[in-house]
4 protein chains.
Amino acid sequence: MLGPRVWSSVRQGLSRALSSTVGGWASGEGRKVDISGVYPPVTTPFTATAEVDYGKLEENLHKLGTFPFRGFVVQGSNGEFPFLTSSERLEVVTRVRQALPRDKLLLAGSGCESTQATVEMTVSMAQVGADAAMVVTPCYYHGRMNSAALIHHYTKVADLSPIPVVLYSVPANTGLDLPVDAVVTLSQHPNIVGIKDSGGDVTRIGLIVHKTRRQDFQVLAGSAGFLLASYAVGAVGGVCALANVLGAQVCQLERLCLTGQWEDAQKLQHRLIEPNTAVTRRFGIPGLKKTMDWFGYYGGPCRAPLRELSADQEEALRLDFTSNGWL
Amino acid sequence: MLGPRVWSSVRQGLSRALSSTVGGWASGEGRKVDISGVYPPVTTPFTATAEVDYGKLEENLHKLGTFPFRGFVVQGSNGEFPFLTSSERLEVVTRVRQALPRDKLLLAGSGCESTQATVEMTVSMAQVGADAAMVVTPCYYHGRMNSAALIHHYTKVADLSPIPVVLYSVPANTGLDLPVDAVVTLSQHPNIVGIKDSGGDVTRIGLIVHKTRRQDFQVLAGSAGFLLASYAVGAVGGVCALANVLGAQVCQLERLCLTGQWEDAQKLQHRLIEPNTAVTRRFGIPGLKKTMDWFGYYGGPCRAPLRELSADQEEALRLDFTSNGWL
Amino acid sequence: MLGPRVWSSVRQGLSRALSSTVGGWASGEGRKVDISGVYPPVTTPFTATAEVDYGKLEENLHKLGTFPFRGFVVQGSNGEFPFLTSSERLEVVTRVRQALPRDKLLLAGSGCESTQATVEMTVSMAQVGADAAMVVTPCYYHGRMNSAALIHHYTKVADLSPIPVVLYSVPANTGLDLPVDAVVTLSQHPNIVGIKDSGGDVTRIGLIVHKTRRQDFQVLAGSAGFLLASYAVGAVGGVCALANVLGAQVCQLERLCLTGQWEDAQKLQHRLIEPNTAVTRRFGIPGLKKTMDWFGYYGGPCRAPLRELSADQEEALRLDFTSNGWL
Amino acid sequence: MLGPRVWSSVRQGLSRALSSTVGGWASGEGRKVDISGVYPPVTTPFTATAEVDYGKLEENLHKLGTFPFRGFVVQGSNGEFPFLTSSERLEVVTRVRQALPRDKLLLAGSGCESTQATVEMTVSMAQVGADAAMVVTPCYYHGRMNSAALIHHYTKVADLSPIPVVLYSVPANTGLDLPVDAVVTLSQHPNIVGIKDSGGDVTRIGLIVHKTRRQDFQVLAGSAGFLLASYAVGAVGGVCALANVLGAQVCQLERLCLTGQWEDAQKLQHRLIEPNTAVTRRFGIPGLKKTMDWFGYYGGPCRAPLRELSADQEEALRLDFTSNGWL
């Protein structure tokens, strides 16, 4: 756990950030980080007593390190971030940073409900080594989160963040699709470099690519189920839960798309849809972790109130992999 | 209008069909019609007094005939079929058949709420010259339309239809997505040749292509907004409202996809998204018809309760075309 | 079935109605029919071969005639009206009119998708003896059915209807809640006497009562599950599927509410919720018809694509009645 | 802010609680707190720089203290609890406790996303003086929150809570309706005394009252819009945002219901629906706080990303009060 000293340092950092807005990211204007590529959104391993298991986290990263990922997303929705304390969130990022080679990007989920807390968390994430912050839309008051509110929120965060910001829209969790007009406005902010879009609406993804074409704005597909289609309409990569277990295959799908081998890409994409749905919408993080156990990683338990799969669910999960030739 | 004599003949035809199930499509087993390609779902022109204007219909078809469409969809959702009497539905198909060259496919929407009415309408559509029947899911009782009910419904229709059947799923209108497992089961019926899927979920489209790969089952995208992405995951064509006004462009997009010119395809697809949304989800049939007026076709009024666009809406509609360089 | 002669007469009637708008309902201004009370929405009995069984219909009406209902709703959602031909719709109303004592109100569902067809059907319903027309919102293009469209639609229908009009909002089927502002505007029409609201949102029902209080506008709850609550906020009755099987109990609940015996009313209401949900949202018309069979009425089969309950569903249905002491 | 000493004491308390499960609430079995009555869910006042303004909080409470409320809800959805740090959440409850007379119940919202955090917060809330904990459903992973998960979550919390637990279902914020079967199961837990249901489905509320009738389980309506209807079906009170500004009126509505003056109750209820919707669904907390300013309380700003109302919205808000005679 981070001790009080680290927290104090974090707050000092924020203080500096707040007082140096002008000279902050502004100095780096035009130097937008290239986030294209594939990322696994890493899970947070827990012990049997629900403590974060940092050792297992490092083991998983070590194994995942053999694939040509662009980097890793830490504390996306698959990271159970809403179940972690602030200290745990930072410690996890710290450990991942230490475990990663310097050329791998670390995108850290820093979204909180309030703008202020999100700014603080983003600054802290930067201080412990994140290369970019992936900021989920606030959601509890999603009925009030219109474009104006969201533009204001993200602008504030991006203004004060020492690292580039990636928007993150995941309606299945938040009940909220970051409106396209808000995305377009935010794409003009020099410290906002892209969006991870997990909604799966490829018409929307194409429209975002189209309407931000003058801003060098980068779109990442939020799931492997529509990765090929997203590449086809102009996305530059994906954050794919499935890459935690089928890392080689997701990277291969990327390569096939980038090299224009669309027929092979299509065949591979087809075989990834059911496994992908199984570890996301159908069985959620418990499904993903169970599959990790099968594939030689450490999945382990989720924190409550998430529950383990039943035997029937586990069987259905397995079938989604075996019927596509992956198990 | 069809007189009583035509109706009587229609009913005799149905009677024959019902009594010759075995020898019906069965004789044509294996001979599945190739429906790949682009189709405009034609609108139904009305006079100022809301009568069907068959003359304008033929004029529109004549103008549309210059594009390399595979054929025409008559009485899809854009045809205002729920506002037509049974006689009008058949007469419209009759007239379209007469106006079309023989090599253009005529897909006729024959869906009704009851299975029996759908069978009768399908048989009648065949008798007046439809090449295939496009059958929308029943929707008033969509809460009861589970896979079993829908499989039973479509099987009955396909059993008794003298022409091939295309499934039609359009959740924006029906509140109902034809479940993938139902589609897969139905794909095995020798008289069901494909599906028009208007939901826009490309993950689902890819999955349908994948799971029906052994059945020679053909998937048509139901809108131009996700046409490229649908081709990328294995669709063979599209039924695109936008093709009523940008026919050349939609056909060009098809060609670019089929010849693997994905970069150009992407650029063109991008410029079609907003116009497409404008004539479908955003402004509906009134928007499509207004745009037809602009592009040299006859759009004209809709039947009530559909209403004309307001001046503000019309301006927004126009902007979606001008900002993408089409007007 | 109605022969051509009846249809011809119907059209003449419409013609008269259209040409006498001014002297039509206007002459009866101020004379609004009192629709307060309980109504069963009668089912349409079918034979084993799916023909309308008019004999069974009359038998059911005869049995239901022993309860103090205000009248009967014919071709509400429970009447499977989307599965009936126009002729059948009128013939059913004709038969019900003949079977009913003159003091029982006959509310006939006359809604169609187009305004024109709705007007024609409403006029026809009047000619075959309906006391009022219950007009469901058009629904296939519900995305375009804003207040303006719906106000226009209902105004036209009410202008031309020889009998009073009752609005009918049933979002579970139509995907559309008739907006409160539209209801308030329409309540001022002299030929619109009330609304059947099946949405179950009692805040909305209270608001409608409140905002139409100067118009003598009558609100009927669309289901027995919220009948007591609707009375408590100012509704004057209910159209209750459950009254087809527990007619005495629903009428008793009405009486308890009207006489201010709220404690007893509450106890009775509680015991009706599960049975009511079972014959509506949970098991639909197949559940209602199955229960009718149990209670001595003729339920019989539904028309396809509605399907019979499975054995498991039937058991669950029965439990909802036995556990509340009704079987 | 709470210093480290308080937190340490909180954790010791939790530790005691965890090790004394058997002797905890078990000793108080059968002695369920009576939560019937009306509660304002108090807002959290902020200064212009977004600090919690404890002085204004106490002033508001002092003014609200003149009405016959049963007590106060602190950190319901209207308390902006997702925007408060853990320390702030506890400090607010501490201050409210100090400001309240001993006979007023303090229901403290203690819900967090993880079961563990919820347990800790609940124990802490108890230690700073809450009489009962109101525990909102976890929501970020609402797709996985089935009955089994929620029963497990609440059972754990109730097992370890030193104070009675009130379930809290608010689908507009959480995207999740606590299933009736889960409520029924949980109603049997000796330390779960009731539910605040904000969904507004009075059929559901009636069913919950009915199915928990043997458990002395208490249902509170979660909004003033359906308060009368909820009393009519067996609720025992309400947590009403509107009571923050029309406290006398909401208490009067309660009295009219409890004394069986249903006609007067109905008239009053009618006049409260629009103002209630205005300060909840329509304009949210910014609307509530603005109205508080008008009625002599301190409303003040919300924390970002919630935003102030526009001038147009403010006018519409005012109209909802003036048109009903409250301003």
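Here are the numbers for the structure shown:
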| quantity | calculated |
| --- | --- |
| Region A:239-255: number of residues that are buried (at least 24 other Cβ atoms within 10 Å of the Cβ) and closer than 16 Å to A:Gln266 by Cα | 3 |
| Tally, over region B:70-90, of residues that are closer than 23 Å to B:Ile35 by Cα and more than 9 Å from chain C (Cβ to nearest Cβ) | 11 |
| Within region A:52-82, considering residues that are in contact with a Pro (Cβ under 9 Å, 6 or more places away or on another chain) and closer than 16 Å to A:Cys112 by Cα, the one surrounded by the most Cβ atoms within 10 Å (Cβ to Cβ) | A:Val74 |
| Residues located in region A:194-216, provided they are away from chain B (no Cβ under 12 Å) and open to solvent by 20 Å² or more (accessible area, probe 1.4 Å) | A:Arg214, A:Gln215, A:Asp216 |
| Failed criterion for D:Ser124 (all others in (1) hydroxyl-bearing (Ser, Thr, Tyr); (2) without any contact (Cβ under 8 Å) to a residue 40 or more places away in the chain; (3) more than 27 Å from C:Gly225 (Cβ to Cβ) hold) | (2) |
| Filtered residues of region D:254-284 (kept if farther than 18 Å from D:Ser198 by Cα and either not in a helix (DSSP H, G or I) or not charged (D, E, K, R) (or both)) | D:Leu256, D:Cys257, D:Leu258, D:Thr259, D:Gly260, D:Gln261, D:Trp262, D:Ala265, D:Gln266, D:Leu268, D:His270 |
| Test: residue in region C:171-184 that is over 25 Å from D:Gly260 (Cα atoms), touching a Gly at 6+ places or on another chain (Cβ under 6 Å) and of a type in the set (Ser, Thr, Tyr) | no |
| Output for region B:96-132, where each listed residue is under 21 Å from B:Cys240 (Cα atoms) and either open to solvent by less than 10 Å² (accessible area, probe 1.4 Å) or part of a helix (DSSP H, G or I) (or both) | B:Val96, B:Arg97, B:Ala99, B:Leu106, B:Leu107, B:Ala108, B:Gly109, B:Ser110, B:Gly111, B:Ala130, B:Ala132 |
| Condition check for B:Leu317: within 30 Å of B:Thr49 (Cα to Cα) and more than 14 Å from chain A (Cβ to nearest Cβ) | yes |
| B:Gly325 vs. criteria within 26 Å of A:Val209 (Cβ to Cβ), open to solvent by less than 10 Å² (accessible area, probe 1.4 Å) and either at pLDDT 95 or above or not hydroxyl-bearing (Ser, Thr, Tyr) (or both) | no |
| Which numbered condition A:Thr115 misses (of (1) without any contact (Cβ under 8 Å) to a residue 40 or more places away in the chain; (2) at the interface with chain D (Cβ under 9 Å from one of its Cβ atoms)) | (1) |
| Condition met for C:His153 (touching a helix residue (DSSP H, G or I) at 6+ places or on another chain (Cβ under 8 Å) and either in contact (Cβ under 8 Å) with a residue 60 or more places away in the chain or within 14 Å of another protein chain (Cβ to nearest Cβ) (or both)) | yes |
| Boolean, C:Leu227 is touching a strand residue (DSSP E or B) at 6+ places or on another chain (Cβ under 7 Å), open to solvent by less than 20 Å² (accessible area, probe 1.4 Å) and more than 12 Å from chain D (Cβ to nearest Cβ) | no |
| Which numbered condition B:Gly287 misses (of (1) open to solvent by less than 30 Å² (accessible area, probe 1.4 Å); (2) in a helix (DSSP H, G or I); (3) within 12 Å of chain A (Cβ to nearest Cβ)) | (3) |
| Selection within region A:305-327 - farther than 16 Å from A:Gly79 by Cβ, under 25 Å from the mean Cα position of the chain (by Cα) and not charged (D, E, K, R) | A:Pro305, A:Leu309, A:Leu317, A:Phe321, A:Trp326 |
| Residue check, A:Leu309 in a helix (DSSP H, G or I), surrounded by 15 or more Cβ atoms within 10 Å (Cβ to Cβ) and at pLDDT 95 or above | no |
| Residue that is farthest from the other protein chains (Cβ to nearest Cβ) [pool: residues in region B:290-314 that are charged (D, E, K, R) and under 20 Å from B:Ala50 (Cβ atoms)] | B:Asp293 |
| Answer residue from region B:262-276, given it is open to solvent by 30 Å² or more (accessible area, probe 1.4 Å) and under 24 Å from A:Ala265 (Cα atoms) and is farthest from the other protein chains (Cβ to nearest Cβ) among those | B:Asp264 |
| Residue in region A:230-243 that is farthest from A:His189 (Cα to Cα), counting only those that are aliphatic (A, V, I, L, M) and facing another protein chain (nearest Cβ under 8 Å) | A:Ala232 |
| Residues satisfying the stated conditions in region A:172-193, i.e. away from chain B (no Cβ under 14 Å), among the small types (Gly, Ala, Ser) and open to solvent by 20 Å² or more (accessible area, probe 1.4 Å) | A:Gly175 |
| Matching entry among C:Val166, C:Val135 (being crowded, with 22+ Cβ neighbours inside 10 Å and either within 14 Å of another protein chain (Cβ to nearest Cβ) or touching a helix residue (DSSP H, G or I) at 6+ places or on another chain (Cβ under 8 Å) (or both)) | C:Val135 |
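The values are calculated or read from the model by the stated rules, or taken from the named source; none is laboratory data. The model shown is predicted, which means the values in this text are computed figures rather than measured ones. Note that each Cβ is placed from the backbone with ideal geometry, even for glycine, and that neighbours are counted across all protein chains shown. Each accessible area value is taken on the protein alone, full model and side chains, heavy atoms only, with ligands, DNA and RNA left out. Shrake-Rupley method; radii C 1.70, N 1.55, O 1.52, S 1.80 Å.
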